[in-house]
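**Q** So that we are looking at the same thing, I have put the structure below in structure tokens.
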Amino acid sequence: AVRPLKRRQPKKTNELPHPNRLPGIFDDGHGSRGRDVCRRHELYVSFRDLGWLDWVIAPQGYSAYYCEGECAFPLDSCMNATNHAILQSLVHLMKPDVVPKACCAPTKLSATSVLYYDSSNNVILRKHRNMVVKACGCH
Amino acid sequence: GGGHGPRPPHTCPQRRLGARERRDMQREILAVLGLPGRPRPRAPPAASRQPASAPLFMLDLYHAMADDDDGGPPRPHLGRADLVMSFVNMVEHDHTLDYQEPHWKEFLFDLTQIPAGEAVTAAEFRIYKEPSTHPLNTTLHVSMFEVAQEHSNRESDLFFLDLQTLRSGDEGWLVLDVTAASDRWLLNHNKDLGLRLYVETEDGHSMDPGLAGLLGQQAPRSRQPFMVTFFRASPSPVRAPR
């Protein structure tokens with residue numbers, strides 16, 4: 001039997017839809033519904049406010065930072081998103097009740113150091129790795 | 001699509017923490033910073049009096065560690081350390097002038113504050129040397145031993161740690177490597193660490209360390225001897241959920 005001609009499937013394009021075609025997407029750092037896109041925010045831990053300066057020699061406090069903001073599709077370059085996050089955001093668009101958006105979390109951390117007295121007046125210098133957020137992204 | 005106006009102000013209730021909540025928060029931050037609790041130094045902190053040698057040296061290390069993170073030139077021992085402790089010398093025994101040879105100075109350090117589970121990567125004994133007036137401009141050999149075991153009826157067992165050669169006219173901080181002693185002191189925390197220092201002239205005669213210009217407890221606070229130990233945290237156990 002003559003096999004019916006296969007209808008040519010439309011060529012699948014794998015580029016993501018251009019951001020401006022989707023409603024509510026702005027490229028000025030605000031996601032949909034005017035919320036901030038995922039980025040790093042200042043968080044200052046003040047040892048002075050904690051009343052510790054009688055035994056902490058240095059520093060007086062330090063900027064720890066935190067990540068906040070929306071990972072709304074499309075995840076553009078400033079969100080340094082993982083491929084998985086891009087996929088998750090796409091699937092979230094299709095099944096918003098089942099799959100959550102990707103979340104905004106630190107992608108690079110650095111250390112901070114604290115110099116203080118112990119109860120015997122010895123001086124201790126402690127380095128805390130992964131205590132300061134250097135960069136945020138969508139995961 | 002949703003409103004495109006400015007983002008609505010945060011709705012989570014902003015309120016001042018109560019006293020007890022503040023204490024809990026402080027305890028939580030201390031725990032994250034790995035501090036056992038809020039230590040209260042016995043005497044008012046040395047910083048409020050004339051700065052002592054150990055805090056001055058540690059403040060230098062603090063700035064070097066911060067520069068290290070920003071890509072500054074690494075300091076010896078600092079790159080691998082998570083924790084650096086300076087130990088204030090507690091007691092000093094002088095076996096000098098009115099004794100027969102050999103002369104020596106002995107320093108004791110309280111090691112009970114060493115945090116458990118930290119591996120020692122290096123330890124230094126620092127003592128300040130002033131130019132000594134006699135014998136003029138000769139070579140001196142300074143050696144350091146750990147007092148491994150004391151005996152009532154005979155000389156203590158000593159464990160050799162380091163030897164440095166210098167000129168009697170030299171001035172500045174003399175750094176002796178006492179890392180080899182750390183193997184033992186991690187085993188018996190509760191015992192003080194005894195370090196004994198000898199000075200010999202070129203022809204092998206024992207010399208009183210004080211006459212050689214080595215300063216002990218009588219020195220001004222900013223030049224008193226102290227010990228510094230560098231630790232590398234062993235992989236920290238997963239923190240218990242709170």
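**Q** What's the total number of residues in the stretch B:204-233 that are under 25 Å from residue B:156 (Cα atoms) and assigned to a loop (DSSP other than H, G, I, E, B)?
**A** Total meeting the criteria: 11.
**Q** Of all residues being at pLDDT 90 or above and in a loop (DSSP other than H, G, I, E, B) in the stretch B:92-144, which is nearest to the other protein chains (Cβ to nearest Cβ)? Just the residue, please.
**A** B:130
**Q** Just the residues that are crowded, with 16+ Cβ neighbours inside 10 Å and either within 19 Å of residue A:117 (Cβ to Cβ) or of a type in the set (Phe, Trp, Tyr) (or both), please, taken from the stretch A:60-83.
**A** A:62, A:65, A:73
**Q** State the number of residues belonging to the stretch A:115-136 that are under 17 Å from residue A:43 (Cα atoms) and crowded, with 20+ Cβ neighbours inside 10 Å.
**A** Number satisfying all stated conditions: 2.
**Q** Scan the stretch A:6-28 and give yes if some residue there is within 13 Å of chain B (Cβ to nearest Cβ), modelled with pLDDT of 85 or more and outside any helix (DSSP H, G or I), otherwise no.
**A** No; the residues of the stretch A:6-28 include none that is within 13 Å of chain B (Cβ to nearest Cβ), modelled with pLDDT of 85 or more and outside any helix (DSSP H, G or I).
**Q** Now a separate question. Step by step: first the residues of the stretch A:34-44, then only those that are crowded, with 17+ Cβ neighbours inside 10 Å and in contact with a strand residue (DSSP E or B) (Cβ under 8 Å, 6 or more places away or on another chain), then the one that is nearest to residue B:62 (Cα to Cα). Which residue is that?
**A** A:40
The values are calculated or read from the model by the stated rules, or taken from the named source; none is laboratory data. Predicted model only: the values in this text are computed from it and were never measured. No Cβ is skipped: glycine too gets one built from the backbone with ideal geometry, and neighbour counts run over all protein chains shown.
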